[in-house]
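Coordinate-derived values only; no laboratory data. Being a predicted model, the structure only gives us computed values, none of them experimental. Positions of Cβ are backbone-derived with ideal geometry, glycine not excepted, and every protein chain shown enters the neighbour counts.
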Amino acid sequence: MDATPRLPQLSLRIDNVTLTRGEFDLFENLSAMLTPGEALVLKGANGAGKSSALLALAGQLPIKSGEIQWLGLGKEEAADSQMHLIGHLPAIQRGLTVRENLAFWTALYDGDEAILDSAIAAAGLSGLEHLSCSVLSAGQTRRLALARLVAIPRPIWLLDEPTSALDAEGSLWVETLIGAHLAAGGLAVIATHLALGIEREPNVKVKTLSEFTL
Amino acid sequence: MKGLKAILLRDLRLGLRQGGDLLTLLLLFISVGILVPFAIGPDTPLLARLAPAIVWVAALLAQLLTHDRLFRADFEDGSLIAFHHAAIPLEAIVLAKLAIHWILTGLPLMAATPFLAVMLGMDMTMLGRALFALLLGTPALSAFVALSASVTVGLKRGGLVAPVLILPLTLPVLIFGAGMMGDDTFGAASQAGLFLAALSLASVALTPFAAALALRVSGE
């Protein structure tokens, strides 16, 4: 992973964010500060608002109060095009092949088409390039979704349950992937209720979401 | 440009691989052309007089049916959320999807029009006018369908709400489209053609912005 290009050095400031969805209060007063190379792991029970928090960070869900700031962006840059949001839906069309799906996102996200095949290999999907995605298993689909992280280098990763449906070896891959991303100076916010194995690292902060987050 | 090309290629591939959609579109269009002559009876002059109206109603119904194809699949697999983080604006993505929608619905309808012409007793000049009118008018229909698809994408059964939503918008297309195939004394048909072209240009230019706005709100 030495070849990883240096990523733009961005920071994230979450200041007293309160999020509601419909009439439900999800969590109140979430604050965190991430500098380049740091990750935030969001824990919490089902329905605590982990996925909604990621959507809010991605700018796709209005927050009730507080502020989310991305620091270090260039004048013309928008945070939107600097991030990956990998939710529980894989964004993979069943009518396309493995390679076509990844090639599509790589072109749309302005990624590097030269590393497409190595990204597929890194995801453990080599040999399946020309297979239709309708026959992939849940775990393989998730691996293909995560392969976008490799094929398109971006400084901000927002991952929702990245290890769900993955086998032990796959979870380990995700763990190394996140480690390498942080080492290159990237940011990551990961919502999960499964232990990731990176929580004890010094550059990883853990927050548990509940109705009264401190 | 790379991003636009990627969207065009992907949607064209998906559209052509799911041939069933194309077949439904054509079957509906053609079956209207088959059913109406049976209902009216063997009165060729009457049929030829009604032909413009029938062609346009058939085209409108067929395009309405394709409504779900635009954003539904992207909504269901999460692509719509990921589109927000593309290197190109959402508006450009909508425009590309709109272009492919027209290629996969407008063009096949035009290709099937000669068949309708035979069933409805249209002559060659009439067929030529029908094709020209469809060429000018179907982009506007595609744009309106895209608009309603973007508004209803978050609804479980959006397919039923959509026609009601866009019917008022499609009326001018219907009027000028049929008008363009009518009598050209005093240049009425040519005028109708200009109106139709203007409608298509304006709606195709504005729809990407309106639809992108609707899609952004749909995620909330």
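A few points about this structure:
- The stretch B:142-220 and the stretch B:59-106: distance between their alpha carbon centers, rounded to Å: 15 Å
- The H on the amide N of residue A:109, modeled in the peptide plane, is under 5 Å from the matching H of B:87, each at least 5 residues off or on a different chain.
- Top of A:143, A:154, A:94 by mean-square fluctuation, Gaussian network on chain A, Cα under 10 Å: A:94
- Taking the convex hull of Cα positions in the protein assembly as shown, its mean projected area over all directions (nm²): 23.6 nm²
- Cα centroid separation, the stretch A:68-100 to the stretch A:144-162 (Å): 8 Å
- Computed on the Cα atoms alone, the convex hull of the stretch A:157-202 gives a volume of 69 cubic angstrom per residue.
- Tilt relative to chain A, helix A:168-183 - C-alpha long axis, 0 to 90 degrees, to 10: 70 degrees
- The simple Förster model, with R0 at 56 Å and r as the Cβ-Cβ distance, assigns residue A:121 and residue B:164 a FRET efficiency of 0.65.
- Rg/Rh for chain A stands at 0.96; both radii use Cα atoms, and Rh follows the Kirkwood definition.
- Shielding value for B:6-19 is 3, the average number of Cβ atoms from other chains within 10 Å of each residue's Cβ.
- The Cβ shell under 14 Å around residue A:41 holds other residues with a net charge of -1, Lys and Arg each +1, Asp and Glu each -1.
- Treating r as the C-beta distance of residue A:13 and residue A:167 and R0 as 41 Å, the FRET efficiency rounds to 0.70.
- In nm, spacing of pseudo-spin labels at residue A:35 and residue A:77 (7 Å Cα→C-beta vector): 1.8 nm
- Three principal axis extents describe the C-alpha atoms of the stretch B:1-100; from largest down they are 58, 21, 18 Å.
- Using 0.36 nm per residue and subtracting the Cα-Cα separation, the extra length available between residue A:175 and residue A:131 on full extension is 13.2 nm.
- For residue A:208, residues with placed amide H under 5 Å, excluding near neighbours: A:43
- C-alpha long axis of helix B:44-65 to longest principal axis of chain B, angle in °: 10 degrees
- For the residue pairs B:97/B:156; A:207/B:156; A:43/A:64; B:5/B:156, alpha carbon separations beyond 27 Å are given by A:207/B:156; B:5/B:156.
- Calculated FRET value between residue A:113 and residue A:201, using beta carbons and R₀ = 35 Å, to 0.05: 0.60
- Rh (Kirkwood; distinct C-alpha pairs) - the stretch B:2-219, Å: 17.9 Å
- With the simple spin-label model, which puts each label point 7 Å out from Cα in the Cβ direction, the residue B:39 to residue B:12 separation comes to 3.7 nm.
- Projecting label points 7 angstrom from Cα along Cα→Cβ for residue B:202 and residue B:27 puts them 3.8 nm apart.
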